[in-house]
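Working notes, beginning with the structure itself.
The values are calculated or read from the model by the stated rules, or taken from the named source; none is laboratory data. Please read these numbers as outputs of a predicted model, since none were measured by experiment. Because the Cβ atoms are built from the backbone with ideal geometry, glycine has one as well, and the counts that use them run over all protein chains shown.
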Amino acid sequence: MDTDKILTTAKARFAHEANRRVLKEKYEAKMLFAHAGGMWRAGPELLNILNICSDGTPLVILDLYDNPVQVNAQELFDLAKQRWQEQMTAWLIELEDSRKRR
């Protein structure tokens with residue numbers, strides 16, 4: 001096999017993996033949001049906790065900085081779900097574009 005072709009393939013794979021890491025960091029940072037005096041990260045863990053406790057009563061949970069914050073579980077769930085879905089969709093679109101260019 002031609003060494004130039006091997007080098008080109010290796011560089012493309014490395015660039016693709018580096019791009020995936022950059023995209024992950026970019027979109028994980030976009031999952032952060034403030035609400036009710038606390039800082040939250042939209043994600044499966046927060047969504048699951050809020051989904052279990054969304055009976056309408058105020059809920060006290062720890063935010064990202066381990067501060068207890070009283071929240072309306074349904075309101076925070078709706079915000080977190082919206083943020084999660086928006087960012088995951090944008091991440092998927094950008095990742096697929098990256099794959100097409102490879």
Practice item. Collect the residues in the stretch 37-70 that are in contact with an Asp or Glu (Cβ under 9 Å, 6 or more places away or on another chain) and over 21 Å from Gln87 (Cα atoms), keeping them in residue-number order. Key: Gly37, Val69
Exercise for review: Would you check if there is a residue in the stretch 42-63 being of a type in the set (S, T, N, Q) and assigned to a loop (DSSP other than H, G, I, E, B)?
Suggested key: yes
Review point. For the subset of the stretch 33-57 comprising residues that are surrounded by fewer than 13 Cβ atoms within 10 Å (Cβ to Cβ) and either of a type in the set (Ser, Thr, Tyr) or at pLDDT 85 or above (or both), which member is nearest to Ile93 (Cα to Cα)?
Key: Pro44
Revision key, fill the gap. Scanning the stretch 62-87 residue by residue, those loosely packed, with under 15 Cβ neighbours inside 10 Å and of a type outside the set (S, T, N, Q) turn out to be Leu62, Leu64, Tyr65, Asp66, Pro68, Glu75, Asp78, Glu86
Check your understanding: Quick check: is even one residue across the stretch 64-85 under 16 Å from the mean Cα position of the chain (by Cα) and in a loop (DSSP other than H, G, I, E, B)?
Key -> yes
